[in-house]
Each structure stands twice: as structure tokens, then as C-alpha cells.
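> Questions regarding the structure given below will be posed in turn.
Coordinate-derived values only; no laboratory data. Source: prediction; values computed, not measured. Backbone-built Cβ (ideal geometry, glycine too); neighbour counts: all protein chains shown.
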Amino acid sequence: MTATPTVTRQHTVIDSPYGALTLVATDGALAGLYMTGQRHRPPEETFGEPDPRPFTETVRQLDAYFAGELRTFDLPLHLGGTPFQRGVWAGLQQIPYGETCSYGELAEHLGKPGASRAVGLANGKNPIGIIVPCHRVVGASGSLTGYGGGLERKQRLLDFERGTGDEVQALF
């Protein structure tokens, strides 16, 4: 009989200009970044023990991002999900800072033309918002559509990255 591997999960909550962020680590790698009131937010009891130690570098990079000093995150990530979801989430990380693409363009980039609806569903299940920048995906007309953290946050994140937003005013 094979032993089941032990998985260590920890979490911490930090403040940000976009409200409280809950960071979750699985075996030391970032597995979740959840906003207050986020759609598809897992139950708190799945986040593991409170412990800020695994998140030192994540917090440092998020602080630099919110200060306008970091445009690309370089962190070990633990992304679950299906192979298709992981492909979408990898595609999200290729969208440059301050730019957007449509769900259809992302589907095309992934070699799945016509899968824009499936891309949208996978985008909505992204467990590591901001760092895996699902806020950079918009509707075909450029309109804001679906964002697990709320459309107001999505607009503020896009404005911030484009340099048109108020970086110091907190949303919540």
C-alpha cells in the first residue's frame, strides 16, 4: 500500500489598495490569491493554518507591483485545475502589463479558436488573481466582462496598470 503524500497548506491575509487579499500556499508555493467577496473563493477551512512565513517574497513582489515598480511576477506557483485551465492560466501570464486581450484572442492564441466561452470559464476559476492577470481579459468589443473580484476592481487594476488610475486610494 502506497502512503498518501502529506500536503502542507498555509495562508495569510494582507492589505492592498484593492482590499484584503488572502494568500494560500501549498507546500510552500503560492496556490491562491483571493479577494474579499470573490466569486469561486474556496471555503476558509481549506486555506490551512495561518502562517505568514511562506509569503515573504509574494508580499514583497505584490508591494512592488502596487507601488508601480514591478510589472512581471516571478514566484513559484502551485496551480491545480484541469490541463485546459492550466493552459489558459499560462496564457494569461503572457498578456503584457497594461495591455488587454479578448477571450476570443486568448482562445486563438491557445490554438482553440471558437473556445472563447471555455476560456472565459477557465479565466473565472483562476485561483491566483492579479499575479496570474485574469483582469487583463476583456470582451470582444473591449468592454469589461466578468471578473471574480468584481468589475470595479477589474477597472481599477486596468487603470492602475495603464497609469490612468489613482494608485494610492484604497477600494475598500
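> Quick one: what do you get for the chain if you divide its Cα Rg by 2.2 N^0.38 Å?
Here the answer is 1.03, to two decimals.
> Collect residues whose amide H, placed 1.01 Å from N in the peptide plane, falls under 5 Å from the amide H of Tyr18; neighbours closer than 5 in sequence don't count.
Sorted by chain and number, the residues that satisfy this are Leu171.
> Explain nothing, just the number: dipole magnitude of the range 17-64 about its Cα centre with +1 on each Lys and Arg Cβ and -1 on each Asp and Glu Cβ, in debye rounded to the nearest 20.
220
> Once you keep just the Cα pairs under 8 angstrom separated by 6 or more residues, what percentage relative contact order results for the range 1-125?
Relative contact order comes out at 19 percent.
> Kindly rank 51-61, 32-42, 67-77 from highest to lowest mean number of other beta carbons found within 10 Å of each residue.
32-42, 51-61, 67-77
> Next question. Would you calculate a helix-derived [θ] at 222 nm for the chain, using -39,500 (n - 2.57) for each DSSP H run of n ≥ 4 and dividing by the full residue count, to the nearest 500?
-8500 deg cm²/dmol
> For Glu152 and Tyr97 in the same chain, what is the full-extension length gain: residue separation times 0.36 nm, less their Cα-Cα distance, in nm?
This chain segment gains 18.0 nm when fully extended.
> If you place +1 on the Cβ of every Lys and Arg and -1 on the Cβ of every Asp and Glu, how big does the dipole about the Cα centre of the range 1-120 come out, in debye to the nearest 20?
380
> About the Cα centre, and with charges only on the beta carbon of Lys, Arg (+1) and Asp, Glu (-1), how big is the dipole of the range 55-172? Nearest 20 debye, please.
480
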